[in-house]
Amino acid sequence: MTTEKHGFEAEVSRLLHMMVHSVYSEREIFLRELISNASDACDKLRYEGLTNDKLLKDAGEFAIDIRLDKEAKTLTVSDNGIGMNHDDLISHLGTIARSGTSAFMDEMSGDDKKDTNLIGQFGVGFYSVFMIADKVDVLSRKAGDKKAYLWASDGIGEYTISDAKKEKTGTEITMHIKKDADEFLDVSRLKNIIKTYSDHINLPITLISKNEEKDAEEPEISEKVNDGTALWARPKSDITDEQYKEFYHHVAHAFDEPATTIHYRAEGKIEYTVLLFIPSQQPMDLFDPSRKPKVKLYVKRVFITEDCEDLLPGYLRFMRGVVDSEDLPLNISREMLQNNPVMTSIRNAVTKRVLSELEKKAKKDSDGFNKFWQSFGSVVKEGIYEDFEQRDKILKLSLFESTADKGLTTLDDYISRMNEDQKTIYYITADTLEAAKRLPQLEGFKAKDIEVLYMIDPVDEFWLQMVPEYEGKQFGSVTRGAADLDDKEEDEKDENTPELDALIAVLKTNLGEAVKDVRPSKRLTQSAVCLVADDEDMDMHMERILKMHNKLEGETSARVMEINADNDLIKTLAAQATKDGSVETLKDASQILLDQARIMEGDLPDDPVAFATRLSAMMAGSFK
Ligand code: ADP
Ligand code: MG
């Protein structure tokens, strides 16, 4: 027999150090974690067995046993699930590659007290056994394999893997309970923990304890502890909030509170049960490029897959939970799920239901909905351009910050505040709210009390390209085209002075191709200068996003430069512009004006060094 020694990955060692020295008061969660893993393992084997029934040959009924031996001071959790082979043991129980644990590591601060509190929030999976055990043996045999392995560790630095014998496939985890953790050698305490955290588990959990009485007729006493029926199949009225929460933690591998729970049964031509949760915190993988939804598909209570892209659209990928179909065949393969008509109708109906639940929430609980929107709004808005059918519904739900500074507002509320003759829903796009608020193009709108929406999610640029209007009102970017801010009485002011015309001519000459046009601005009231996109050109922020993602080839389009005739600097420059040789004397000033406008956009000057040199020369000049 061979035994190999392995060191834990450095991160795991750090985690284990914490577990071993943990003073966390709810150490009982280790059992929830082991039961959750055991149940996942059975689900996996059941699914693999659908297409490869040899794997199920010696599995029998799926079940979880918890065996208590007070004398030996051990607790053993065993399952007849998928099991782990040599390499699985190393990668699953020696590194950190998994959902809950890596989220935990990201939050860890290095301050033991703070980190200990995180254990409850995250669970941290398998490694939590080292809170209550000073030695752990994992005996496992993978379905389809003859060989079994024994993984053993005291949670300090190293673990060993040895060849072993195991009659049935599955995993058996034996904990040698620490002295200060003997509360977990008590039958009623254990029953209580299982009831509290694992009642919803879809398999029988049996507690077996060695009979302590000497010469007892029954050497072992055993009892099924959990309800064992799938939680979603039970009537709503029988389920407590606490049970929903525990189920959410299990099914989502998450540890926040579910913000919204949607549980119903659809009857009719297609029958299925839905138990979905909206998390209160953003899941770790929310912005993964794969955009995969994580809802688990069951068929008649049997787990099929959690890798089912057709169950929910990508813009609802933050949802977690279960959809259990009565109509799909049990032996359905992942390939057969694609473009399956039953799946399509479930997906459409569930999508509608989720959106209408969100509508309800927006009406009944606007604080709760605002919170939801802050976490998931930028994802939901992908639906505006992806899901034509739901577009109007999503637009109606969408919330935006605006110059009205009233917090988040709907488009309907914006429209209700529009000025009498205003035809356009104005918006400005930027990377952040702070950046948007500073943009000079807003000045004229603010001065005229015209509300402008801040569009600060990258996704906004994309849907705005595809949605020209809402409720008959055009969307209009305040950084594109001529600003429609005319005041009838002030019409005569529109005449340019000869000085301003001269400055415009000088700027055009000096800046050449770098600008598309130079014109007096209606949107500036304070700043000297800003850039805007010409009517038919792409918005500047959009162009920047595309460039960032390498989606745009070639040169950036030239912009229209707008100058503020009332600004002191512009007045001074305009006075200079009528003098002889002004094209030459205003050469640096022209370039600095353009660079300054670019900087306000959040861009760099074309040539930062030249910009600094010019500015230095001007500053030096001003003190002569
Ligand atoms: P998570 O469950 O979030 O993935 P854990 O730390 O709880 O993280 O478990 C780590 C991994 O170890 C699991 O993803 C699984 O692959 C494997 N594992 C743990 N327990 C078992 C088990 N009883 N049977 C089979 N595999 C298991
Ligand atoms: Mg786990």
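Some notes on this structure:
- Over segment 3-224 - Rg/Rh using Cα atoms and the Kirkwood inverse-distance radius: 0.96
- Centre-to-centre separation between the Cα atoms of segment 321-388 and those of segment 270-300: 8 Å.
- The trypsin sites (Lys or Arg not before Pro) of segment 493-579 meeting both criteria, a DSSP state outside H, G, I, E and B (loop) and at most 14 other C-beta atoms within 10 angstrom of the site's C-beta, are LYS551, LYS579.
- Pairs exceeding 20 Å between alpha-carbon atoms, taken from LYS191/LYS224; LYS168/LYS214; LYS294/LYS364; LYS135/LYS179: LYS168/LYS214; LYS294/LYS364.
- Across segment 231-370, the mean sequence separation of Cα contacts (distance under 8 Å, 6 or more residues apart), normalised by length, yields a relative contact order of 20 percent.
- Fewest-first sequence of THR479, THR273, THR344 by Cβ atoms within 10 Å of each Cβ: THR344, THR273, THR479
- Debye log10 I(q)/I(0) at q = 0.22, 0.26 Å⁻¹ for segment 553-624, Cα point scatterers: -1.18, -1.38
- Residue-count net charge about LYS73 - beta-carbon cut-off 14 Å; Lys, Arg +1, Asp, Glu -1: -3
- By the combined test of axial Cα extent (at least 18 Å) and Kyte-Doolittle hydropathy (mean at least 0.0), the qualifying DSSP H helices of the chain come to 498-511, 608-622.
- Counted residue by residue at 0.36 nm each, then reduced by the alpha carbon distance between them, the extension gain from ASP327 to ALA612 reaches 95.6 nm.
- Segment 231-370: C-alpha pair distances exceeding 21 Å, %: 41
- Given LYS361/LYS551; LYS5/LYS292; LYS292/LYS473; LYS245/LYS393, the pairs whose alpha carbons are separated by over 32 Å: LYS361/LYS551; LYS5/LYS292; LYS292/LYS473
- Of interest is the spacing of the C-alpha centroids, which for segment 493-550 and segment 155-169 amounts to 71 Å.
- Stokes-Einstein D for the chain, Kirkwood Rh over Cα pairs, 25 °C, 0.890 mPa s (µm²/s): 84
- Exposure proxy ranking, count of Cβ atoms within 10 Å, fewest first, for MET175, MET466: MET466, MET175
- A Förster distance of 30 Å, applied to the separation of the beta-carbon atoms of GLU357 and VAL467, puts the FRET efficiency at 0.80.
- The fewest-to-most ranking of GLU335, GLU28, GLU183 by surrounding Cβ atoms within 10 Å reads GLU335, GLU183, GLU28.
- Dividing the Cα radius of gyration of segment 206-292 by 2.2 N^0.38 Å, with N the residue count, gives 1.63.
- For segment 393-501, GluC sites (Glu not before Pro) are listed when DSSP marks them as loop and at most 14 other Cβ atoms sit within 10 Å of their Cβ; the list is GLU420, GLU471, GLU495.
- The shape of segment 498-622 can be summarised by an equivalent ellipsoid whose semi-axes, obtained from the alpha carbon gyration tensor, come to 25, 17, 13 Å from longest to shortest.
- Helices in the chain, meaning DSSP H runs of at least 4 residues, each add -39500 (n - 2.57). Divided by all residues, the mean residue ellipticity at 222 nm is -11000 deg cm²/dmol.
- Sites ASN348 and SER290, calculated FRET efficiency, Cβ-Cβ separation with R0 25 Å, nearest 0.05: 0.70
All of the numbers you see were taken from the coordinates with simple rules; none came from a lab. Since we're looking at a predicted model, the values are computed, not measured. Don't worry about glycine lacking a Cβ; one is built from the backbone with ideal geometry, like all the others, and counts go over all protein chains shown.
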